[in-house]
Amino acid sequence: MRRYRIAAIPADGIGPEVIDAGLEVLSALATRAGFALDVATYDWGSALYRATGKMMPDDGLAQLRTADAIYFGAVGAPDIPDHITLWGLRLAICQGFDQYANVRPTRILPGVTSPLRDVGPGDLDWLIIRENSEGEYAGQGGRSHRGLPEEVATEVAIFTRVGVTRIMRFAFDQARKRPRKHLTVVTKSNAQRFGLVMWDEIAAEVGTEFPDVAWDKELVDAMTLRMVRHPKTIDTVVATNLHADILTDLAAALAGSLGVAPTANVDPSRRYPSMFEPIHGSAFDITGKGIANPVATFWTGAMMLEHLGEPAAASALMTAVEQVCAAGILTPDLGGKATTKDVTHAVVEAIRGGNLPI
């Protein structure tokens, strides 16, 4: 039997609720598909920080290194500054394992209503690639003269030729695999005349390696307008760490809710395990209420299965999710009344029902 080692990090807020739901669905799917998931759960996050001053142990990366994939919930708590929780756990893993490609698919699922007028399933189907290792989130900078009137803070964006080249090649390759074979390169080189000018130049260089992929370039502010007014013109997108972070939240909202948006933090070289997570965050305002939307976590699980080499199971999981959404079993963020458990139970039953090709 095929076996995969999964490191589950539920972490904070609704993270434990949606990861529990995701593991329940993945377990049912594994039984149907004939593989096994050996899950090790790590209780890292804000609770550990309150007890020890650290979001994960010093040897955390060493503990995760033998996993085939990481299944991550959410990080953040109202009583701890966000930069501590984010850099102490999620970004520590992303950068420590060089997960330089952040992959965020977006589409309107059956039964889900987009806030865009006259836009439904099939009209919005995007794959957004986010550079995940440097750029505006490189972690370079500092503060001087703290507390004094002349206090200075710097946040330095880092763009390297190797970093930009590899994310462009990854993005062009992903675009090549999609039916439309079209890539939009998001930039702000009119104002950021060094790093983003190099970003544009390298995009053009890499583009010559992919003659079968058509591509265009869009300023990030104009891209927000295009996403809202002309969603059908967009297919695959590549953007910097900061720009894609913002654009993908907009994309999720246009697809119905942050609660349906998945993410893969990928090391394409497979030197290290990749990490899969919903993008909605800890959502501590609804923690414990039982209404967190698990769909993003299920979709994330499907991306994880695809990465592990189980494409049939990944496809079956997404089919089950689409059937449940089409049946109107939706959580409150999508205008429904279902609980987390209701949606999870429905997806498990769809998997066990026997009508999915696995």
| query | Hey, residue 178 hits all of (1) surrounded by fewer than 20 Cβ atoms within 10 Å (Cβ to Cβ); (2) at pLDDT 95 or above; (3) out of contact with any strand residue (DSSP E or B) (no Cβ under 8 Å at 6 or more places or on another chain) but one; which does it fall short on? | reply | (3)
| said: Could you check segment 202-233 and list, in sequence order, the residues that are among the small types (Gly, Ala, Ser) and touching a helix residue (DSSP H, G or I) at 6+ places or on another chain (Cβ under 9 Å)? | reply: 203, 207, 214
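This table checks each residue for (1) touching a Lys or Arg at 6+ places or on another chain (Cβ under 9 Å); (2) farther than 10 Å from residue 298 by Cβ; (3) touching a residue at least 60 places away in the same chain (Cβ under 8 Å).
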residue: 315; (1), (2), (3): no, yes, no
residue: 321; (1), (2), (3): no, no, yes
residue: 343; (1), (2), (3): no, no, yes
residue: 349; (1), (2), (3): no, yes, no
residue: 355; (1), (2), (3): no, yes, no
residue: 358; (1), (2), (3): yes, yes, yes
| message | Criterion first (loosely packed, with under 14 Cβ neighbours inside 10 Å and either touching a residue at least 12 places away in the same chain (Cβ under 8 Å) or touching a helix residue (DSSP H, G or I) at 6+ places or on another chain (Cβ under 6 Å) (or both)) does residue 45 satisfy it? | response | no
| query | Say we look at segment 11-23 and pick out the residues that are surrounded by fewer than 24 Cβ atoms within 10 Å (Cβ to Cβ) and touching a residue at least 12 places away in the same chain (Cβ under 8 Å); which of these is nearest to residue 284 (Cα to Cα)? | reply | 16
| task | Output the number of the condition that residue 133 fails; it satisfies all remaining conditions of (1) in the same structural domain as residue 236 (by TED's automatic domain parsing); (2) out of contact with any Gly (no Cβ under 7 Å at 6 or more places or on another chain); (3) of a type outside the set (A, V, I, L, M). | result | (2)
| said: Return the residues of segment 1-10 that are more than 18 Å from the chain's Cα centre (by Cα) and either aromatic (Phe, Trp, Tyr) or buried (at least 21 other Cβ atoms within 10 Å of the Cβ) (or both); say none if nothing qualifies. | reply: 4
| remark: Matching residues in segment 325-344 (in a helix (DSSP H, G or I) and either farther than 30 Å from residue 68 by Cβ or in contact with a Phe, Trp or Tyr (Cβ under 9 Å, 6 or more places away or on another chain) (or both)) number 7
| Within segment 103-114, can one find any residue that is among the basic types (Lys, Arg), under 15 Å from the mean Cα position of the chain (by Cα) and under 27 Å from residue 233 (Cβ atoms)? | yes
| message | Pairs needed: first member in segment 261-274, within 22 Å of residue 109 (Cβ to Cβ); second member anywhere, surrounded by 18 or more Cβ atoms within 10 Å (Cβ to Cβ) and modelled with pLDDT under 95; C-beta distance under 9 Å; at least 6 residues apart or different chains. | response | 261/279; 261/280; 262/279; 263/279
| said: Which of the helices (runs of 4 or more DSSP H) found entirely inside segment 194-291 contain at least 2 residues meeting this: within 22 Å of residue 306 (Cβ to Cβ) and in contact with a strand residue (DSSP E or B) (Cβ under 8 Å, 6 or more places away or on another chain)? | reply: 241-254
| request: Look through segment 259-296, keep the residues that are closer than 28 Å to residue 119 by Cα and over 11 Å from the mean Cα position of the chain (by Cα), and return whichever of them is surrounded by the fewest Cβ atoms within 10 Å (Cβ to Cβ). | output: 291
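The values are calculated or read from the model by the stated rules, or taken from the named source; none is laboratory data. Only a predicted model underlies this, so the values are computations on that prediction, with no experimental measurement involved. Here Cβ is always computed from backbone atoms with ideal geometry, including for glycine, and neighbour counts include all displayed protein chains.
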